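The block underneath contains the structure these notes are about, expressed in structure tokens.
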Amino acid sequence: MDKSQQHDIKLIQLGSYVRPEVKEYYGRKWVLNGAKNSYPQYVIDRRIGSPTNGSIIETYCELMYGKGLSVKDSDELYEELSEIFPKREQRKCLNDFVTYGYYFMQLLRSKGTDKKIAKILHLPVEKMGRDKMDANGDINGAWYCDDWTNTNKYKPAFIPEFKGKLDQPLMVKSVVPHQQGQTYFSLPSYVQGLQYAEMEEEISNYCISHILNGLSFGYILNFNNGGNLTPEQKDQVELMIKNKLTGSSNAGKFILSFNDSKDAEVTVVPLEVNDAHSQWEYLTKLSGEKIITAHGAFPALFGLQTSNGFSSNAEELDVQSKLVQDYQIHPKQSFFIDELAELLEFNGLETDLEFIPLRDTYSSTEATEEEEVVDEAVDENEQEEEDVRMA
């Protein structure tokens, strides 16, 4: 081939996100969830950017807190609980638990000689790292930093772990549920749906950009007379385009073609796809369904049409709401109460805690008892009708 007819073609592709690994680094006393503690921020971004994911998490947070914690048969103990662990701090910890799968509580010791817990406060997950495991396999504390991307300016502070003894004025209780393959941090219960939450977010960006770009899926940029450019100049042109055109907001790929045409102008050839709306519809539906599945939720609860054989939509919503409460909300509430009860028992408070549900019918025990009563009444009525017919 004649050298003058050779083309130098480069394809610019978008990168992909990979969940960061949790690693121990030599010379560092702390362990972070991703490089510079990036994974919590990634989870936050997926909550903000994905409407389906964000809606489910918001709903679960409200269901988790319900009408708040209560102490059975003791208003005095309830007031003491509210004083030690204010409601706003309870909400923050529950929010982190639902969003990240783990949370941190800061314990402040009383000033007296009794060494009791005076306050329980929330510590934000995105600002927390964990202490390196010692030779015995124990994690003896956590590290707090306002900005893990700049530890030179914001010095991480060590907080010792509470292990049944309150021997420091300020301590931390790291509530990290056990998960297979995880040592320092646990994953969100919906971790399998995060990539679909990102896809849903990117689809919205992609569609907006596609419209703004004249409904084109990309372009071929022909740099005519580009054969005279040096490799360094071509790399500089590519870098400039990448800096301007990175991410889904640019709706596709750009193919750079450096050729030896004598035309001075740069030509742009759009890449057209005629069935774009079908692709968007399929991917949007797929991502929404996968997110809902990962959360253990149901489509009807979030406004999606379903056909499950129910006689009415109200009946379907009621059944699905109870299932979500029983299998997704109640287990997490019980775990939260157990972790809190340990701290209250340290203060000598023997309390029987429970969350008041937003709806009374959310109580699985009471609902079962009510259903048994109804079933017994129906059976009695049917027996009476049968006796009348036999007579």
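The values are calculated or read from the model by the stated rules, or taken from the named source; none is laboratory data. Because the structure is a prediction, the values reported are computed rather than measured. Please note: Cβ atoms are built from the backbone with ideal geometry, for glycine as well, and neighbour counts cover all protein chains shown. What goes into the accessible areas is simple: the full protein's heavy atoms, side chains included, and nothing from ligands, DNA or RNA. Shrake-Rupley method; radii C 1.70, N 1.55, O 1.52, S 1.80 Å.
Condition check for THR113 on (1) part of a helix (DSSP H, G or I); (2) of a type in the set (S, T, N, Q); (3) modelled with pLDDT under 90: one failure, at (1).
Might you check whether a residue that is open to solvent by less than 20 Å² (accessible area, probe 1.4 Å) and modelled with pLDDT under 95 occurs anywhere in region 165-181? Yes.
Output yes when any residue across region 356-363 is open to solvent by 60 Å² or more (accessible area, probe 1.4 Å), farther than 30 Å from GLU198 by Cα, out of contact with any helix residue (DSSP H, G or I) (no Cβ under 9 Å at 6 or more places or on another chain) and modelled with pLDDT under 55, and no when none is.
Scanning region 356-363 turns up no residue that is open to solvent by 60 Å² or more (accessible area, probe 1.4 Å), farther than 30 Å from GLU198 by Cα, out of contact with any helix residue (DSSP H, G or I) (no Cβ under 9 Å at 6 or more places or on another chain) and modelled with pLDDT under 55.
Residues to consider are GLY227, GLY193; find the one that is open to solvent by less than 50 Å² (accessible area, probe 1.4 Å), in a helix (DSSP H, G or I) and at pLDDT below 80. The conditions single out GLY227. All conditions in (1) open to solvent by 20 Å² or more (accessible area, probe 1.4 Å); (2) touching a Cys at 6+ places or on another chain (Cβ under 7 Å) hold for LYS87, with the sole exception of (2).
Selection of region 109-121 for residues being out of contact with any Asp or Glu (no Cβ under 8 Å at 6 or more places or on another chain) and either among the small types (Gly, Ala, Ser) or open to solvent by less than 50 Å² (accessible area, probe 1.4 Å) (or both) yields SER110, GLY112, ILE117, ALA118.
Scanning region 46-70 for residues being crowded, with 16+ Cβ neighbours inside 10 Å and of a type in the set (D, E, K, R) gives a total of 2. Selection of region 147-159 for residues being surrounded by 14 or more Cβ atoms within 10 Å (Cβ to Cβ) and either in contact with a helix residue (DSSP H, G or I) (Cβ under 7 Å, 6 or more places away or on another chain) or touching a residue at least 24 places away in the same chain (Cβ under 8 Å) (or both) yields TRP148, PRO156, PHE158, ILE159.
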